[in-house]
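Written out below as structure tokens is the structure these notes cover.
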Amino acid sequence: MRPNSKLMPVPDSSADAILALPVPPDRGIEDCERQVRRILDSPLFSGSKRLSEFVAFSAHAAMEGRTEIDQYEVAAKVLNRADDFSPLDDASVRKLASQVRSKLEEYFQEQGADDPILVSLPKRSYVLRFRVNDAVAPSTPETLSTEESEIDIAEAQLNSPANLPAPVDAGADRPDKAQVRPEDSDREKTAGEGERRANEPLPTSDRVSRRTNPGGVWVAGMAILAMLAGAGIYQGILSLRPRFVADAPASVDESSGKFQIVTQTGDLRGAGGEFAPGAVLVGPKMDLDGDATVRMQFLPEHAGQHGGLMIAQDADNYVRFGSHFKVRSMLEFGHEMKGVYSMTESRFRFDPYGQSGLPLWLTIRKEGEKFTAFRSHDRQHWEPYESVQSLSQPLTHPVASLYAFNGLTENPHVTAQFRNFGVGLQFHHRPEGPIRAGEFPGWNTQAGCDESNLISVREQALEFRFPDDKICTNEFSRNWEAPSGEPWYVEVHIDFQALNGNSAGIVVKAEKGRVRLVRRDLNGASIMLERDLDRDVHVRDFPGAPPIFLRLTARDGYLTGSFSRDGEEYTEISTRIPLKELGQIRSYGLEAALSHWMQPGSRPPIRLLSIEHGLLALKPMKP
């Protein structure tokens, strides 16, 4: 039972009342009117008052700007249940939703198979969806394709004049949707099949197709809402065009690799998604399978605001993972192909840390057409997120990118901050054991000792061991041509203690030489920037040999080295190496070696936790 719930009357759901609103004299709108009348007049719906009331109530809630309809309200306002209604014991609301869903499917399979507009109720949702029937020849030149015409009612209304505070006498005492009762959320997981928990935000689409034609789907969709809402609910149809502020929302700090995006009206979802310049920042190419990773600090507080990481071919083909505020903070993992966002495979999960303001680490792992997401709060302990996203075809020339939007709303702006943005390999959640040929496509393993078990994945790291009786060098690298004229970095995160002449770190090979930044046991624990002809510089290592990030950075015509114990604050080595002395960069990787003057003996393994490269200046994606 919901305490202090004030009930609102259900709008008149008769066909005459629904169609009483004035509608602009546009032929596409007239088609929508005829479609609604056809459904209501059909034998499947005309004899059921509850089906009509359910539809009218759902539309009325959408016109209020609501993004959710829960079981308590449906029970009270459509089924006239008392205040002691509990969805844990009473499945009537879920049964009614299932009945509406099956009746709509039955109608369009038989009587309505040739109707020009399709209406459906997605599973786990109480919000109707409308789209053009592509199987039917268009009745007017303005009929749209499925990709252009699919309308998500709930979030489209967030941008309408109906999204205003409700009058005090019209449900002011209704409990806030964000106030979810924990006992309900926990227990309802097992209550009723085929329906989501009563108070959990639903994974509905956030996109509305957009066209420049004012008589297109925007007006048609709003006309349907107006008709279904009943007379007096909404007395006009206004454009939902995103309105952008004049200033670009993105800023870049090349010196530290920090990026920020200020959310504005817009979204990627839907063919030719509309968004402000700088709302999507394009980073390094994902030319090999591997991981794209970023540290994000983002505190969305209004419905529709979302931001995160994605791997994209363009604005219509991508996989993305990030924070998305519905009625609560959620994590979203989904993909879009050819301008159609996959609602069946997208996954939303409540994020208990979403309002903490703490940084969140995001990773998308690409393995062919299969993508997996991971999250972490410390970059050490990673948690896989939900299921795999599988694409019907590969992304062409994919790039790692960052995004932040307000969705199709005019909510206040919020800033998404990003840093440590790169692509490469991480070794958590990978099969353990000696690495096999081709296990990491595009990466080359060169072992100075002919023993196959010296390099293996173990305990979330790629581990390099040395035989006790030999002196040898191991290398794990990839071919890579550094972008000309752009600032970039390459980095390894390694864990080992330098003893008895062993060393390991990042190496860059160029047409005229090579540069290494390594941890080494030389005159005590040291970090060394090494060049050909022994032109080396060394500084003192951190006490205790903690896991360390070793980074080589190219900027303003020079290559520099730096190191960090936390991946946040870096200590830079003062020496600068002119890039023109090296020529074109050809490859980078990890090199683990033993000094040739040392004697064989036992040494601890060298553990590679991650290896990556990134750009320090990003470009905006074009809508």
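Distance cut-off 23 Å, Cα to Cα: go down the list LYS123/LYS366; LYS95/LYS326; LYS285/LYS370 and report the pairs above it. The answer is LYS123/LYS366; LYS95/LYS326. The label point for ASN500 and the one for LYS619, both projected 7 Å from the Cα toward the Cβ, are 5.1 nm apart. Highest-first packing order for the peptide set 547-556, 530-539 is 547-556, 530-539, based on the mean count of other beta carbon atoms within 10 Å.
You can think of it this way: the chain between HIS413 and HIS429 has 2.1 nm of extra reach, that is 0.36 nm per residue less the Cα-Cα gap.
Order of 293-306, 508-521, 566-579, 474-487 by packing, highest average Cβ count within 10 Å first?
Per-residue Cβ counts within 10 Å, averaged per peptide and sorted highest first, yield 293-306, 508-521, 474-487, 566-579.
Where in segment 402-422 does the label zone of VAL539 land, with the point 7 angstrom along Cα→C-beta and an amide N cut-off under 17 Å? Residues passing the 17 Å test: none. Extending 7 Å from the Cα toward the beta-carbon at both GLU301 and TYR353 defines two label points whose distance is 2.1 nm. A Stokes-Einstein calculation at 4 °C with viscosity 1.567 mPa s, built on the Kirkwood radius of segment 292-363 over Cα pairs, returns a diffusion coefficient of 103 µm²/s.
Packing here is the average count of other Cβ atoms within 10 Å per residue, and on that basis the peptides 586-595, 326-335, 377-386, 87-96, highest first, run 326-335, 586-595, 87-96, 377-386.
Around LEU309, what is the net charge, scoring Lys/Arg as +1 and Asp/Glu as -1 over all other residues with Cβ under 13 Å from its Cβ?
It works out to a net charge of +4.
Put a dot 7 Å past the Cα of LYS95, heading toward its Cβ, do the same for SER456, and the two dots end up 5.9 nm apart.
Solvent-accessible surface of segment 463-579, averaged per residue with a 1.4 angstrom probe and all protein chains in place: 43 square angstrom.
The values are calculated or read from the model by the stated rules, or taken from the named source; none is laboratory data. Small disclaimer: the values here were computed from a predicted structure and weren't measured. Note that each Cβ is placed from the backbone with ideal geometry, even for glycine, and that neighbours are counted across all protein chains shown. We work out accessible area using only protein heavy atoms, side chains counted, and drop any ligands, DNA or RNA first. Shrake-Rupley method; radii C 1.70, N 1.55, O 1.52, S 1.80 Å.
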